[in-house]
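The values are calculated or read from the model by the stated rules, or taken from the named source; none is laboratory data. Since the structure is predicted, the reported quantities are computational estimates derived from the model, not experimental observations. Here the Cβ is made from the backbone with ideal geometry for all residues, glycine too, and neighbour counts use every protein chain on show. For the accessible areas, the whole protein counts, side chains as well, though only heavy atoms, and no ligand, DNA or RNA atoms are used. Shrake-Rupley method; radii C 1.70, N 1.55, O 1.52, S 1.80 Å.
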Amino acid sequence: MTPGRPRAVRLGGTGDKLYMALKLLGLSWSTRVEAERLTSDGHWRQCRLPRSVNTVLEDIRCGMAAERLERYAQFFKVSAGLFLDEAIGAYAPEFSCQILKSRHDARAVSPFDFGRGVVSLELLNRQNDAVYLNDLLGLLGGCYDLAVRTAPSDVWLLGAAVIGEPADDAMQTVGVLAVPDAPVDFHGRIFRWHNYLHVHYASTDNQLIGYMMTPDPLQSVLVRHRRPFYMKFNALAGNLVPSAQPDISVIYALRRAEPAAAFEELRRAAIQRPILEPGHPRYEVIMEMLTRAEAAPAENGAASS
């Protein structure tokens, strides 16, 4: 018998991770059109990934073919080791956050690289060392409801966010502000400066850049022991339309029980119903948080540990 094409060497445990990575990035193949869109994507082709969705399905069912591991890693902008590490499962927050982070990190120049001096950089690094960021991840990691009110409006708009693994001396976050008819997906960096957490964030196309501040929960007994846990941010951002004034907002972030892998589902739900109003599935729990926050303004101070 003439030997046929040798069977591909399969990497056990990588199939579930490939499925979850595609799902987290919103890549689907449930219809022929969606399948063709996936396999004809420019970056997908550039990474020399399969032109047939059946090959992708086989990589999901049986584990990635070893010859395609590096190509998949290149496409998702993560290390190949993330797919091979048995200690990090497909549904682990560490895996989800790395995939989501890669979605928003494909930019040559960051708008946040503002040329810090050596002294300031050393001080920033000392305040955001590995031990501190690990403690902060233990407290903040996970998915959040966002409730946003921009002055002078009294309407609460909704959103969703996930806070994940540290990178480059800061926590990483991605999310969506569910503005009606124009949802704004954003990526951001969370870092400590003295007794506040600062958040630099930008829309995925970097057309909108904003800034938030909130007391550091690790330095405030009152803040870190809130149950359910929430944070109040004061935010300043540009506009997507010409305006004489920037947007000044109050943003509440209420932690949810869902794991980081649920972010895409929460994002879609926020976009579908972007306004907090009676009858909304999250109305009661978010209103309870807002009422409690209004009744206890002292909690928003940075009470020392």
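Quick rundown of the values:
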{"read-out": "Largest to smallest accessible area among V223, V9 [probe 1.4 Å]", "value": "V9, V223"}
{"read-out": "List Y19, Y72, ordered by accessible area with a 1.4 Å probe, largest first", "value": "Y19, Y72"}
{"read-out": "Reach of K77 by Cα under 25 Å, taken over lysines that are not fewer than 8 positions away in the same chain", "value": "K17, K23, K101"}
{"read-out": "Formal net charge of residues neighbouring A90 (Cβ-Cβ distance under 15 Å; K, R +1; D, E -1)", "value": "-3"}
{"read-out": "Accessible area per residue, Å², the range 125-295 with all protein chains present, probe 1.4 Å", "value": "46 Å²"}
{"read-out": "Nearest-0.05 FRET efficiency for R48 and L123, computed from C-beta distance (R0 30 Å)", "value": "0.10"}
